[in-house]
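Worksheet: one structure, shown below.
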């Protein structure tokens, strides 16, 4: 995608590739907007290997060092800015490959300044002079439009057309929306709802949440002091009251009483509300009927809410991770399409079980991280710890129960389903 200049944020752990001819202002820009430790400069790498940043004979060795530094920083999940001309696709390709290897977002900032401006800046340099012919050659190699960079795999692509735009960029690095390291406290992580709002209200009351006017369409719910509810997703489909469940979840998140991540059913609903072609199955027809009866304003509210949810949450200084389908350790805190897919859908093995359901990789048995990972997605008869992970989807919509994990107490609280709302394909 091509992004307009509006002060975009830098995703956690992102690789930022600066692209433009000599004199376009890349180094000045990097120094203005990023920490010195975040910048990996090709000139600096030449100086490391040849004691002279202008020694073009050292270019191959310098880029070997540059790629090594970039790889180690991406492995550690640190924002990394590559300050080099990067005007050739073959120079950008290994950077994109490194970002993909470590599942990091890769952002391009293209300095599309007039060649004459670059030449004039080069003449004013104190360190070394870059000839006009060098700028002409580099400009000839530069992409004509940002679409070429998007096609290569950069997302987003920022285009700066002047020094004024570069100065106005204002994009200090900050964590991705999935990161809430500073959100300490105690949490009540609640399993898959699937429209079971009465069971939700009962569970909240048992855990000490104040529920005023429980018969109202949107009861006012207040969390106990120091506690926050966290929903693991799948708010809708198959159950008896999908719209009311959404209203309660949205109201709790808006008031600060709750946090939430989306599930695969919520993702499918969002795509349907956005007009994308989706297969109407697994209870989505009922949810869409309820939303249609609720009106366009309600549909717009739901669409905005679901579209704004993070793929996963990292809480309590990194000690608690909440993701709908769970998340392997190497994807914690990663804001990338792959991390989102794994968090919402799991990782299919390509096989199906005797019930025709996709078999997912058993990431929990291989998990060795210190953070507690709480998830749902796959209904089980009873929540049980597997190492430092726990699946709390106990199949309420299928006649099981609605379960919450109280953190840090590691206490499980459940309420039984009022009845079987949807017969499961696979027995719990």
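The values are calculated or read from the model by the stated rules, or taken from the named source; none is laboratory data. No experiment lies behind these values; they were computed from the predicted model shown. A quick note on method: Cβ atoms are made from the backbone with ideal geometry, for glycine too, and the neighbour counts reach across all protein chains shown.
Considering the range 59-157, the qualifying helices (runs of 4 or more DSSP H), each wholly inside and each with 2 or more residues that are at pLDDT below 90 and in the same structural domain as residue 17 (by TED's automatic domain parsing), run over 115-123, 132-141, 146-152. What number of residues in the range 277-291 are assigned to a helix (DSSP H, G or I) and in contact with a helix residue (DSSP H, G or I) (Cβ under 8 Å, 6 or more places away or on another chain)? Total satisfying the criteria: 6. Contact annotation: residue pairs with Cβ atoms under 7 Å, 6 or more positions apart or on different chains, pairing a residue in the range 4-25 that is assigned by TED's automatic domain parsing to the domain that holds residue 101 with a partner that is assigned to a strand (DSSP E or B) and at pLDDT below 75, are 10/173; 12/179. Counting only strands (runs of 3 or more DSSP E) wholly contained in the range 294-395, the ones carrying 3 or more residues that are surrounded by fewer than 23 Cβ atoms within 10 Å (Cβ to Cβ) and at pLDDT below 95 occupy 348-352, 358-360.
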